[in-house]
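Colleague: Below you will find the structure I want to go over with you.
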Amino acid sequence: MGADPPAPRRGGRRLPSQRRATRAARRNQGSELLARVLVAIPAIAFALFIVNRGGWIFTVALIVLGVACLGELFTMLRHGHPVRLGGFLGLAGMLVAAQAGDAEDVLLAMAAAVPVIFLLGLTQPKMGAPGLSVTALGLVWIGLPLAHAVLLRELPHGDAIIIDVLVGTFVGDTGAYLGGRAFGRRPLAPRISPNKTVEGWLIGVAAGIAGVWFAGLYQDWLSGTQALLLGVAVALVAPLGDLFESYIKRDAGVKDSGRLFGAHGGALDRLDAVLFAAVAGYYVWSAMA
């Protein structure tokens, strides 16, 4: 996406219609940013509450969110006839295993979900390899990262690290949005998401790293180097989660994954980057803790 050609001018000034269009575009950008903030406020409050409580409250809340995300995925790819009940049970089992056990138990629960999904699929009027594949995708893409979030919460200072991961993810996303609006010229992945730009991505990565580093200033047990390493991991991986979901939506021919947040999309639209960032956060902090 190259720079737009200079707008026609009259006597060195923009035409009245062009000035009106520019003002309208700025108002629309401001309204969209305000809407993003208004949607984010209750989501942030909910996230702080469940992360602070931890334990089964955190796990059950993630199961509810995970079922919502899986439901959206299965609706987008419904022509593949996914095994919905099997996917929901498999996700719940993986998160319960993460809370009650450890990483090996999560792997065991995921392996046990495969024959359960197969048997439940046999009861459907239509079931085949596409349905099994879509259901397995849901467990790997959504269930496994949420199980990692539960495992991360149980690590030393895990509650604070989850907050750092969320800060890095959402600050990075906001930086990419604003940076792309202001400076975006070169498309990042035009075949997947035409509106994303290289400039926006670079600004988003820098913002995400800075967000985690600044959050770490209030955590005296987290060194500056650790905060930077965690920030780099989160800031680089989170945009991939966004692109991954964009690819799925483009393949399915939909604009949003669902309508849980009204005009602002569904649960997957809000958590796509977090799903990737939570896994990175878990392994980075496991290595440093």
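The values are calculated or read from the model by the stated rules, or taken from the named source; none is laboratory data. Quick caveat: nothing in here was measured; it's all calculated off a predicted structure. A quick note on method: Cβ atoms are made from the backbone with ideal geometry, for glycine too, and the neighbour counts reach across all protein chains shown.
Colleague: Residues that are over 30 Å from LEU85 (Cα atoms) and at pLDDT 95 or above: find the helices (runs of 4 or more DSSP H) completely inside the range 124-233 holding 3 or more of those.
Modeller: Answer list for the range 124-233: 158-183, 198-216.
Colleague: So is THR225 of a type in the set (Val, Ile, Thr), out of contact with any Ser or Thr (no Cβ under 8 Å at 6 or more places or on another chain) and farther than 20 Å from ALA160 by Cβ or not?
Modeller: So THR225 fails the test.
Colleague: How many residues are crowded, with 20+ Cβ neighbours inside 10 Å and closer than 17 Å to PHE276 by Cα if we restrict to the range 212-241?
Modeller: The number of residues fulfilling the criteria is 10.
Colleague: Another question, then. Might you let me know whether the range 268-283 holds any residue that is touching a residue at least 40 places away in the same chain (Cβ under 8 Å), part of a loop (DSSP other than H, G, I, E, B) and in contact with a His (Cβ under 9 Å, 6 or more places away or on another chain)?
Modeller: For the range 268-283, residues touching a residue at least 40 places away in the same chain (Cβ under 8 Å), part of a loop (DSSP other than H, G, I, E, B) and in contact with a His (Cβ under 9 Å, 6 or more places away or on another chain): absent.
Colleague: Among (1) surrounded by fewer than 21 Cβ atoms within 10 Å (Cβ to Cβ); (2) modelled with pLDDT of 95 or more; (3) out of contact with any Lys or Arg (no Cβ under 7 Å at 6 or more places or on another chain); (4) not aliphatic (A, V, I, L, M), there is one condition PHE276 misses while meeting the rest; what is its number?
Modeller: (1)
Colleague: Another question, if that's okay. Enumerate the pairs (first residue in the range 57-68 and in the same structural domain as LEU91 (by TED's automatic domain parsing); second residue anywhere and polar (S, T, N, Q)) with beta-carbon separation below 6 Å, excluding pairs fewer than 6 apart on the same chain, so at least 6 apart or on different chains.
Modeller: Close Cβ pairs (under 6 Å, with a partner that is polar (S, T, N, Q)) amount to THR59/GLN99.
Colleague: Hey, another quick one. So in the range 16-51, with the set limited to residues that are under 20 Å from ILE163 (Cβ atoms) and surrounded by fewer than 12 Cβ atoms within 10 Å (Cβ to Cβ), which one is modelled with the lowest pLDDT?
Modeller: Ranking the qualifying residues of the range 16-51, first place goes to VAL37.
Colleague: Condition test on PHE244, is it part of a helix (DSSP H, G or I) and surrounded by fewer than 21 Cβ atoms within 10 Å (Cβ to Cβ)?
Modeller: Considered against the rule, which asks whether it is part of a helix (DSSP H, G or I) and surrounded by fewer than 21 Cβ atoms within 10 Å (Cβ to Cβ), PHE244 comes out as yes.
Colleague: Any residue in the range 126-143 that is out of contact with any strand residue (DSSP E or B) (no Cβ under 9 Å at 6 or more places or on another chain), closer than 21 Å to ILE57 by Cβ, buried (at least 22 other Cβ atoms within 10 Å of the Cβ) and in contact (Cβ under 8 Å) with a residue 60 or more places away in the chain?
Modeller: yes
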